[in-house]
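In what follows, a structure is listed as structure tokens, so that the remarks can point back to it.
The values are calculated or read from the model by the stated rules, or taken from the named source; none is laboratory data. Remember, it's a predicted structure, so these values are computed and weren't measured experimentally. Don't worry about glycine lacking a Cβ; one is built from the backbone with ideal geometry, like all the others, and counts go over all protein chains shown.
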Amino acid sequence: MQLAHNLHNFMLRVYFLFFWRISDKNVVITNKIESSIMSELIIRPASPEDASLVLDFVKQLAHYEKLSDAAIAEPESIRNALEKKLIEALLLYMGDKPIGFCTYLYTFTTFAGKRKMFVEDIFIDPDCRRKGAATMIFNKLSEIARDNDCARIELQVLDWNESAVDFYERFGAEFVNNWLPYAIDRKVFLEHCE
């Protein structure tokens, strides 16, 4: 029953892919953002020492997505993941105040024979939205993907999150309607182990 519930939740997610050629001719979204606000926004890579801050943002994201019970990670697991480069993270600040983050990792597409970037999480403090923060993060992710010769950037968004869907589409993401995301929960795959 839990597996059916989990699969249903995953199938409700809308699956997006960024398709573009990584080149100098990338089209980057250029919203008219006041330069005074943009000068206050600072983005930096997270280090293992930032594990507690990353986890705090994960919990805020889980609350926003109505999935607080699913956010069971501990600071040490986040620290370990950052140390081993299982995930990478970007932290966004407005002045000295942390206002958002994203986590991403790399997989591989055998069709293109290249890496692809998967954006696992992105969250901006609700009071700081519509100020260019998401654009800044996705511009940075685009640069990182280009520098790592990625074929594309992939992400998932909950189907009810219309503002995120609108942003991703404006940025150039395309809805991929012929692919359904599935997941096999840990409890289930452990049942199949010898």
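Overview of values
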item: Test set (1) buried (at least 20 other Cβ atoms within 10 Å of the Cβ); (2) farther than 22 Å from K59 by Cβ; (3) hydrophobic (A, V, I, L, M, F, W, C); (4) free of Cβ contacts under 8 Å to residues at least 60 places away in the same chain - I153 fails condition number; result: (4)
item: One residue from K116, K140 being touching a Lys or Arg at 6+ places or on another chain (Cβ under 8 Å), of a type in the set (D, E, K, R) and at pLDDT 95 or above; result: K116
item: Scan of the range 52-73 for residues that are under 15 Å from C102 (Cβ atoms) and of a type in the set (A, V, I, L, M), ordered by number; result: L53, V54, L55, V58, L61, A62
item: Hits in the range 65-74 (condition: loosely packed, with under 14 Cβ neighbours inside 10 Å and either assigned to a helix (DSSP H, G or I) or in contact with a helix residue (DSSP H, G or I) (Cβ under 8 Å, 6 or more places away or on another chain) (or both)); result: S68, D69, A70, E74
item: Members of the range 130-150 that are surrounded by fewer than 16 Cβ atoms within 10 Å (Cβ to Cβ) and either on the phi > 0 side of the Ramachandran plot or without any contact (Cβ under 8 Å) to a residue 24 or more places away in the chain (or both); result: R130, E143, D147, D149
item: Counted residues, the range 75-96 - those being in a strand (DSSP E or B) and either touching a Gly at 6+ places or on another chain (Cβ under 7 Å) or loosely packed, with under 12 Cβ neighbours inside 10 Å (or both); result: 1
